[in-house]
1. If a residue has to be within 22 Å of GLU36 (Cβ to Cβ), over 23 Å from the mean Cα position of the chain (by Cα) and in a helix (DSSP H, G or I) to count, how many in region 50-100 make the cut?
2. Any idea which of (1) of a type in the set (Gly, Ala, Ser); (2) part of a helix (DSSP H, G or I); (3) at pLDDT below 95 is the one ALA205 doesn't satisfy?
3. Under the condition of being closer than 12 Å to LEU214 by Cβ and among the β-branched types (Val, Ile, Thr), which residue from region 250-303 is surrounded by the fewest Cβ atoms within 10 Å (Cβ to Cβ)?
4. Since LYS149 meets every condition but one in (1) open to solvent by 20 Å² or more (accessible area, probe 1.4 Å); (2) closer than 27 Å to ARG369 by Cα, which condition does it not meet?
5. Do we have GLU225 as over 30 Å from GLY115 (Cα atoms), of a type in the set (Asp, Glu), open to solvent by less than 70 Å² (accessible area, probe 1.4 Å) and outside any strand (DSSP E or B) here?
6. Could you list, ordered by first residue, the pairs with Cβ atoms under 8 Å in which the first is in region 364-380 and among the acidic types (Asp, Glu) and the second is open to solvent by 10 Å² or more (accessible area, probe 1.4 Å) and outside any helix (DSSP H, G or I), at least 6 apart or interchain?
7. Identify, by number, the condition in (1) out of contact with any Leu (no Cβ under 8 Å at 6 or more places or on another chain); (2) part of a loop (DSSP other than H, G, I, E, B); (3) at pLDDT 95 or above that GLY334 doesn't meet.
8. Report, ordered by the first and then the second residue, all pairs with beta carbons closer than 8 Å, sequence separation of six or more or different chains, a first member in region 167-187 that is within 16 Å of GLY75 (Cα to Cα), and a second member that is of a type in the set (S, T, N, Q) and open to solvent by less than 30 Å² (accessible area, probe 1.4 Å).
Amino acid sequence: MSEQSRRPRTSGKPYRRPKKDPVRLLAFEALRAVDERDAYANLVLPPLLRKARENEGPEKFDARDAALATELVYGTLRWQGTYDAVIASCVDRPLGDVDPPVLDVLSLGAHQLLGTRIPTHAAVSATVELARVVLGDGRAKFVNAVLRKIAQDDLDGWLERVAPPYDEDPEDHLAVVHSHPRWVVSALWDSLGGGRAGVEELLRADNERPEVTLVARPGRATAGELLDEDAAVPGRWSPYAVRLTEGGEPGAIEAVRDGRAGVQDEGSQLVAIALAGAPLDGPDRRWLDGCAGPGGKAALLGALAAERGALLLASEKQPHRARLVAGALAGNPGPYQVITADGTRPAWRPGSFDRVLVDVPCTGLGALRRRPEARWRRRPDDLEGFAPLQRGLLRTALESVRVGGVVGYATCSPHLAETRAVVADVLKQIPDTDLVDARPLLPGVPDLGDGPDVQLWPHLHGTDAMYLALIRRTG
């Protein structure tokens, strides 16, 4: 029997090998890593793209391929909740019974059909070819049948079908329409304290692709130098920020390669700037970053400290993250030290520092634009897991600062359980403290609320949803 005669046949036609599409194969590989290994797309995707670009074969990967692969990965992850609702209405079994690799292929196809301008025929045929390569012909037929059902309507039409009416269930409606878990919608609504319009603006902002923002580290680089790059414009609020409006590869910029500049959201820059600008009573010689990994805020704080002749001690519990901090601070123009230590069990004497920053571990709900998979990975129970650590780190920070010194409590989450609740609980236990109004320390930044703490927002400020409370020790 010949080789070809042993091949399966479809509709009486000779067997045709599936055509490998390097862009969609790469996107599928990234999604599987996110699903199987709990990886983050922003860590998985760059090395995959770099490897693809280095391929010298006939399937050469160019900039357009990289852009499409990036859009397919991030778009699929952002809209996973919405696409799951659509796919669930097109299959004859519970979604949990669909094999995860099959669901990833279906989601990639759904995004091409409902979230991009790729023509319907091309989206279906390319995704079915992908299914033939990674799943086999049998499951590719299932993928084809489901995608043809999805292709019968556009996104607005599907939302009319799968989202409950707003008047009947507002939170579930917004969760499906804007692709966020219901509990996250509820938490963001509570944190905003406003009506439907505000929370919808925030949910939309979470689904937008964020700009790449650079920081020029004082004493080592200037914003003006970075503005010489293509499509670079000044930051909105930080004097050290520059935005790359057309994406771009930060690693191709000399100042970033040299460590004189870095990639850092403007919200994170504002946290460091506000702490550095807070008024003190007494000397200003020793600063502490008590949760320094991976080093972005430490590098900016170290540069700001150097301008005043102050020393920065950067402490990080995890050794591999401490190495990242050391790399970020290498070449700092002033004195600094990096240590591996647990911030809740300080390796320094109480009252040793004039300024202390603790950017505590959290759910990361403030950075859903950059890490869209986090919205599906996090659970409400995670709040309880972080709570003791957040309170312990803030208590230690307040014990580490001298009387008259200032502590900055920061977190990349707007959830009230990780922000105001933590500060209120700890200040009840340590009475000799005062909250400092952080708003005047961010001049020109609008919509900062009633204070004295500050909550930044993607839809209002174009930043991650960073929270900052400044606290002065008074006794």
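1. The qualifying residues number 8.
2. Failed condition: (3).
3. VAL263
4. In the conditions (1) open to solvent by 20 Å² or more (accessible area, probe 1.4 Å); (2) closer than 27 Å to ARG369 by Cα, LYS149 misses (2) alone.
5. For GLU225, the condition - over 30 Å from GLY115 (Cα atoms), of a type in the set (Asp, Glu), open to solvent by less than 70 Å² (accessible area, probe 1.4 Å) and outside any strand (DSSP E or B) - is met.
6. GLU373/TYR40
7. Tallying (1) out of contact with any Leu (no Cβ under 8 Å at 6 or more places or on another chain); (2) part of a loop (DSSP other than H, G, I, E, B); (3) at pLDDT 95 or above, GLY334 fails exactly one: (1).
8. From region 167-187, the pairs are VAL176/THR82; VAL177/THR82; HIS178/THR82; HIS178/ASN207; SER179/THR82; SER179/ASN207.
The values are calculated or read from the model by the stated rules, or taken from the named source; none is laboratory data. Nothing here was measured: the structure is a model prediction, and the numbers come from that model. For neighbour counting, all protein chains shown are included, and Cβ atoms are generated from backbone atoms with ideal geometry for every residue, glycine included. For the accessible areas, the whole protein counts, side chains as well, though only heavy atoms, and no ligand, DNA or RNA atoms are used. Shrake-Rupley method; radii C 1.70, N 1.55, O 1.52, S 1.80 Å.
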